[in-house]
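Below is one structure, written out as structure tokens; the observations come after it.
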Amino acid sequence: MVDDAIVVVENTFRHLEEGASPIDAAINSAREIAGPVISMTITLAAVYAPIGFMGGLTGKLFTEFAFTLAGSVIISGFIALTLTPMMTSKMLNKQVLEGALVKKIDKVIAGVTHKYEKLLAIVLNNRLLVWPLVATFLVSLVFMFTHTASELAPQEDQGVVIMMGQGPSQANTDYIGHFTKPLEDTIRSYPETEMSLMVNGYQKDSKFFGLGVLKDWESRDASAKEMMTRFQKDTVDFPGLQVFTISPPDLPGTSQGLPFQMVIKTPTGSYEELYQYAEKLKEYAVTSGKFIYVQNDLEFNKPQVEIAVNRDKAALMNVNAQEVGNVLTRYVSEGFINYFALNERSYQVITQVERADRSSWNDINNYYVRSNNGKMVPLSSLIDITQSVQPSAVDQFQQLNSATIEAKMMPGVSIGEAYEVMQKGAEQILPSSYAIDSSGQLRQYVQEGASLVSTFALALIIIYLVLAAQFESFRDPLIVLTSVPLSIFGAMVPLYLGIDTLNIYTEVGLVTLIGLISKHGILIVEFANQIQPEFNGDKIAAVKKAAAERLRPVLMTTAAMVIGVVPLLTAAGAGAQSRFSIGLVITVGMTVGTLFTLFVVPTVYTFLADNHAKALEEK
């Protein structure tokens, strides 16, 4: 918000140093700097426009953020060209220039400027070497983008650890409850745990769902991520259960369940065939070493008994086939008979044989059915029994037969890295008639990543068009935008080194960098264009002077921005990790980008800039 005002105040201060009166200094400063300030304001506001109009999860998260910043930037630009010059004419004077602190600061800045001019002269004398250097940075940038860990969002400390798991496929809630009780006691034994909760029979009888609610951040030293690792370590070999721990979804609208959900779908394959390929892909995931836990939601683990009435035998025994079905319904299927009233409440009457008489399918042979003449006939003499194993559930994805590989990644493995590994596995294992898709958090990661790439490209196009209109040139905007990839290179270095990941917050920070770093290029290019006629079109001399005179505002705006985001880097508590992600990208990107801008932009200017002295003569 203060960048525009900093530029105006600094330029006014420079005019005062040259001997102008406060009023003349303010007027001349505003007249000189109006063009760059307008360009910087429109550029930064234009960067946020694509974010504000995005749909999906990114739109939900950042629409208010984008429009608030865009509006604030426009207002700050207006104030910088109206209120700020008036205030500088009243508050800046000769006495300010003679202050001891001001003189010390001026001496330091003068020394920095002198050294910068020497270095810039060396760079411009060897300016052809800049191109291979820039090309090296661009190649490195592409490499880092493709080899940096990526995910939908950084893992936040929400004070909750989720536990999920299952017992044997045929286990019931009694079995699960027997083993989750000691599991819950284990979770509660940690001093960081505030409370715990277990839900037996979650989704199906053999599964469970649990929560470990941690104490407030101030009351514990361990983060939720550390506690999740501890829980996993202590429950990995828990008797009777397969247990894994995950964190709650970090963003609104993301589905529950395991973070990695890759869907295998086929328009022609049967579920039996689909199961075989899904199991092969599951085995590939296990052997890849990228996952702690992998499961295939298509499981052929449900024993099924098919009972067919032999109508010839039933007719011979004088038994109605429908009566056979009625007997089975009453004995084993919890058949509803009627209602009865007790204490002014109505209850269903449901018939069923004792559990001991229905524990095995062989018990069916002990049942009897009444014939039409009143005799009791053994059911075993009337039916044919076939055993098979069927899937416990079958799913369709986009109206196609599907199976989902669900997994939890190893610590340090991002969802992007895991997805890349599984894509390679699918290419090797699945036939051409099969395809893969994504679900849950993985689907949002894929969709949001694609939308942010288009937003990034759109922001660059908008800035180019705005600058082309401002400079009345198609080449000058390219000079300004050369600072963008160099700034992004700097921002990508800590991400590539593993300090953070490429996620929805760091990507928004990268988009923001486009507008922030472009301001420096605008200051240098605009002033160099203005003074070119003084040097008879000598672009090297013009850009040398422009870069030297704009060094102070460039450093001041960078320092203001970097210091302003320090609270994001040191944040703690709820949402701290997302703020850190944005702060890290902007801090490193602005610092490195500024250093490159001060040397690369002047060099590129000498190659691409228009001859404004000649253009002025023609006018």
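Of all aspartates and glutamates in the structure, the ones whose alpha carbon falls short of 18 Å from that of LYS103, not counting any fewer than 8 places away in one chain, are GLU10, GLU17, GLU18, GLU549.
Its relative contact order, with pairs defined as Cα atoms under 8 Å and 6+ residues apart, puts the chain at 19 percent.
Residues whose amide H lies under 5 Å from that of SER438, counting only those 5 or more places away or on a different chain, are VAL263; hydrogens are built 1.01 Å from N in the peptide plane.
Working note: Debye formula, equal point scatterers on the alpha-carbon atoms of the stretch 427-472, no solvent; log10 I(q)/I(0) at q = 0.15, 0.17, 0.30 Å⁻¹ is -0.62, -0.68, -0.96. Applying 1/(1 + (r/R0)^6) with R0 = 25 Å to the Cβ-Cβ distance of ILE540 and PHE145 gives a FRET efficiency near 0.15. Strictly greater than 26 Å: what percent of every Cα pair in the stretch 1-119 meets that? Taking all Cα-Cα pairs of the stretch 1-119, the fraction more than 26 Å apart is 38 percent. Reducing the stretch 464-480 and the stretch 371-386 to their Cα centroids gives an inter-centroid distance of 91 Å. All alpha carbon pair distances within the stretch 198-316 were sorted into 10 Å bins beginning at 0; the resulting P(r) in whole percents reads 9, 27, 32, 16, 9, 5, 2, 1, 0.
Here SER346 and GLU273 are evaluated by their C-beta separation; at R0 = 41 Å the FRET efficiency comes out at 0.25. Taken over the stretch 86-192, the percentage of Cα pairs per 10 Å bin, counting from 0 up to the bin with the maximum distance, is 9, 14, 13, 13, 16, 11, 11, 11, 2. Protection proxy ranking for 457-464, 290-297, 374-381, using the average of other Cβ atoms within 10 Å per residue and placing the highest first: 290-297, 457-464, 374-381.
Which net charge results when you count Lys and Arg as +1 and Asp and Glu as -1 among the other residues whose beta-carbon is under 15 Å from that of TRP361? Net local charge, TRP361 excluded: -1.
Report, in whole Å, the centroid distance computed from the Cα atoms of the stretch 331-348 and the stretch 175-232. Using only Cα atoms to place each centre, the spacing works out to 38 Å.
Beyond 17 Å, the tail of the calculated P(r) for the stretch 377-488 holds 75 percent of the Cα pairs.
Diffusion coefficient (Stokes-Einstein, Kirkwood radius over C-alpha pairs, 10 °C, 1.306 mPa s) for the chain: 53 µm²/s, rounded to a whole number.
Here the spin labels are modelled as points 7 Å beyond Cα on the Cα-Cβ line, and at THR591 and PHE238 they lie 4.4 nm apart.
Computed from the Cβ-Cβ distance with R0 of 35 Å, the FRET efficiency linking ASN126 to ASN93 stands at 0.20.
For the chain, the longest principal axis of the Cα atoms and the long axis of helix 539-549 meet at an angle of about 80 degrees.
Amide H to amide H distances under 5 Å link TYR293 with LYS408, where only residues 5 or more positions off or on other chains count and H is placed in the peptide plane. Karplus-derived 3J(HN,Hα) values for the stretch 410-424, using 6.51 cos²θ - 1.76 cosθ + 1.60 with θ = phi - 60°, are 5, x, x, 9, 7, 5, x, 5, 5, 5, 4, 5, 6, 4, 5 Hz; glycine and proline are entered as x. Centre-to-centre, using Cα atoms only, the stretch 522-543 and the stretch 393-415 are separated by 59 Å.
For the stretch 470-619, taking the reciprocal of the average inverse distance between every pair of different Cα atoms yields a Kirkwood hydrodynamic radius of 16.2 Å. Take the Cα radius of gyration of the stretch 60-137 and divide it by 2.2 N^0.38 Å, N being the number of residues; the result is 1.82. Beyond 26 Å between alpha-carbons counts as too far, so tell me which of LYS204/LYS265; LYS233/LYS282; LYS207/LYS233; LYS90/LYS115; LYS60/LYS215 fall in that bin. From LYS204/LYS265; LYS233/LYS282; LYS207/LYS233; LYS90/LYS115; LYS60/LYS215, over 26 Å: LYS90/LYS115; LYS60/LYS215. Taking every Cα-Cα distance in the stretch 159-247 and sorting them into 10 Å bins from zero, the calculated P(r) comes out as 19, 52, 23, 5, 0 percent. In whole percent, what relative contact order does the stretch 291-403 give with Cα contacts below 8 Å and a gap of six or more residues? Reported as a whole number, the value is 39 percent. Taking 7 Å steps out from each Cα toward its Cβ at ASN172 and ILE27 produces label points 9.5 nm apart. Around the amide H of LYS302, modelled in the peptide plane, lie the amide H atoms of GLN390, SER392, all under 5 Å away and 5 or more residues distant in sequence or on another chain.
Summarised in one figure, the compactness ratio Rg/Rh of the stretch 1-48, Cα atoms and Kirkwood Rh, is 1.07.
In the distance distribution for the stretch 302-390, Cα-Cα pairs more than 23 Å apart total 33 percent. When the convex hull of its Cα atoms is viewed from all sides, the stretch 469-519 shows a mean projected area of 3.8 nm².
Coordinate-derived values only; no laboratory data. The model shown is predicted, which means the values in this text are computed figures rather than measured ones. FYI the Cβ positions are ideal-geometry reconstructions off the backbone, even for glycines, and counts take in every protein chain you see.
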